[in-house]
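As C-alpha cells, the structure follows; a few thoughts come after it.
The values are calculated or read from the model by the stated rules, or taken from the named source; none is laboratory data. This structure is a prediction, so every number in the text was calculated from the model and none was measured. Please note: Cβ atoms are built from the backbone with ideal geometry, for glycine as well, and neighbour counts cover all protein chains shown. Calculation scope for accessible area: heavy atoms of the full protein, side chains included, ligands and nucleic acids excluded. Shrake-Rupley method; radii C 1.70, N 1.55, O 1.52, S 1.80 Å.
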Amino acid sequence: MNNSRPSILILYGSIAFSIVSLVFTLIVHSSMVALTIPLIIAIPLISGLFAYFIFYYLLKRFIQQRLGLIYRSIRNKDPMNAGIDRMVETAELDVTHWEEDQSLEITKLKEQEAFRREFLGNLAHELKTPVFSIQGYILTLIDGGIDDPKVNKSFLERASKASDRMASMLEDLDQITKLEANELNLQQRSFDITELVTEIIDAGEIFAKEKEIKVSLKKDYPSTFVVGDRDKIGQVFTNLINNAIFYGNKNGFCKIGFNYFDDIIEIEVSDDGPGIDAKYLPRLFERFYRVEKSRNRHEGGSGLGLAIAKHIIESHGHKITVKSVVGLGSNFYFTLKRSKNNVPHSSRGIPLK
Ligand code: ADP
C-alpha cells in the first residue's frame, strides 16, 4: 500500500464505495422498492465512477495547493500541472535533486569558510612581522634612539624597508583579489616576447648581480610574436625570475628558453637553485604557500608570486606548470598563443609599427 500510486488508492476507495452502494441498493430493492437488474448494477457503478472523479479532483487540488507552497519556497516555481501520479513522482524527484543541490552547496560553503579562515590567518600572520618590526624601531627611536647617531639612520632605514615589504604585500593582495574577482581587464594584443624578456632581464640586472646570479636567454631567439597582455605577462616573468634569483645559489643561473609549436609557444624559466621537493609541488601555486617556511623564505616575499602568475596565465586560457629536482634546480613552464601578426598590435588590433 505504501508504494501505491495515488490514482490506484482512489480506485480502491471508489471500489469500496461501489460495494457499499451495491449493498445499500440491494437492501432498498428487497425491503422497499423493487428495482430492475440493470438499475441494481448501474447505481453502484455510477456512484463508484462519480466517487472516483470527485476524489481525484479534490485530491489533485489539495496536492497542487500544498506542493505549490513547498515549490515556491524551495524552487521558486510552480509545480507542474499533470495527473496526480506524475505530480507526486516529479515532486519526489525534485526533492531528491534539491537535497543533492543543498548538500553540494553546504560542502561548497564549508570549503569557502575554511578557505576564508585560512586566508585571514595567513594574511594576519604575514602582516604581523613587518608591522611589529616598524613598531619596534619607532619605539626605540622615541625612547631616545633618535638622538643616537649610531642607530637613528639605520633604524629608520629598517623601518622603511619593513613598510616597503608591507606595501608590496598589499599590492600583491590587491592584485590577487582583482584576479580572483575576474576584474583584471586583460589588454590582449600581439607583442614580441623576446623583446619583453630582454627588457625584464635588463630591469632586474642590479638585483641579479647582488645575488651573483646570471639571468639570460637560453640562446639568441628571433623576434617572436605572441598574443596576450604584455604588462601582465611581464609580471609573470618578473615573479619567476625574481624567485630564481631569491632562492638561487650564489654564482647560479636563471635561463629563459622558448619551445616553438604550431600556434603555441612554450616558455621555460629554469634555474640551478636548491630545487623543490616533489611533495610540495602540488600546492606551490596556492596563495601564501611557502616551502619549508623558516629556511626558505626571503624578505619581501608575500607567498603570492606564483599564485598571481598562475592566475594571469590561466586568465589567458593557458597553463603554468613546474618540474623540480632537489639539489638540481627548478623549471617553470607556461604556454601562450603565437600571433599571426609579426608586428606589435594595440589591444584593438591596430598595428603599432
Ligand atoms: P614567495 O613570495 O614566498 O616567493 P611564491 O609564490 O613566489 O612566494 O613562491 C612560493 C614558494 O615556492 C616560495 O616560498 C619558495 O619556497 C618556492 N619557490 C618558488 N620559486 C622557487 C625557485 N625558483 N626555487 C626554489 N624554490 C622556489
Residue pairs meeting the criteria (Cβ under 9 Å; at least 6 apart or on separate chains; first over 15 Å from ILE8 (Cβ atoms), in the range 48-74; second among the acidic types (Asp, Glu)): GLN64/ASP78; LEU67/ASP78; GLY68/ASP78; TYR71/ASP78; TYR71/ASP94; ARG72/ASP78; ILE74/ASP94
Close pairs (9 angstrom Cβ cut-off, 6 or more residues apart or separate chains): over 17 Å from ARG287 (Cα atoms) and in the same structural domain as GLU157 (by TED's automatic domain parsing) in the range 118-132, basic (Lys, Arg) and surrounded by 14 or more Cβ atoms within 10 Å (Cβ to Cβ) anywhere: THR129/ARG165; PRO130/LYS161; PRO130/ARG165
Selection count where residues are surrounded by fewer than 17 Cβ atoms within 10 Å (Cβ to Cβ) and within 16 Å of VAL23 (Cα to Cα), scope the range 35-64: 10
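Here is a list: TYR260, TYR247. Which entry is out of contact with any Gly (no Cβ under 6 Å at 6 or more places or on another chain) and either among the small types (Gly, Ala, Ser) or in the same structural domain as PHE285 (by TED's automatic domain parsing) (or both)?
Numbers: TYR247 fails: out of contact with any Gly (no Cβ under 6 Å at 6 or more places or on another chain).
Matching residue, one of TYR260, TYR247: TYR260.
Can you confirm whether ASP164 is under 23 Å from ALA307 (Cβ atoms), out of contact with any strand residue (DSSP E or B) (no Cβ under 6 Å at 6 or more places or on another chain), touching a residue at least 60 places away in the same chain (Cβ under 8 Å) and open to solvent by 50 Å² or more (accessible area, probe 1.4 Å)?
Details: under 23 Å from ALA307 (Cβ atoms): yes; out of contact with any strand residue (DSSP E or B) (no Cβ under 6 Å at 6 or more places or on another chain): yes; touching a residue at least 60 places away in the same chain (Cβ under 8 Å): yes; open to solvent by 50 Å² or more (accessible area, probe 1.4 Å): yes.
Spelling it out, ASP164 is indeed under 23 Å from ALA307 (Cβ atoms), out of contact with any strand residue (DSSP E or B) (no Cβ under 6 Å at 6 or more places or on another chain), touching a residue at least 60 places away in the same chain (Cβ under 8 Å) and open to solvent by 50 Å² or more (accessible area, probe 1.4 Å).
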Residue selected from the range 272-289 under the condition open to solvent by less than 20 Å² (accessible area, probe 1.4 Å) and touching a Gly at 6+ places or on another chain (Cβ under 6 Å), by the criterion farthest from the ligand (Cβ to nearest atom): PHE288
Pairs, first touching a residue at least 60 places away in the same chain (Cβ under 8 Å) in the range 280-291, second open to solvent by less than 30 Å² (accessible area, probe 1.4 Å) and in a loop (DSSP other than H, G, I, E, B), C-beta under 6 Å, six or more apart: ARG287/LEU304; PHE288/GLY303
In the range 238-257, the residues that are open to solvent by 10 Å² or more (accessible area, probe 1.4 Å) and more than 11 Å from the ligand (Cβ to nearest atom): LYS250, ASN251, PHE253, LYS255
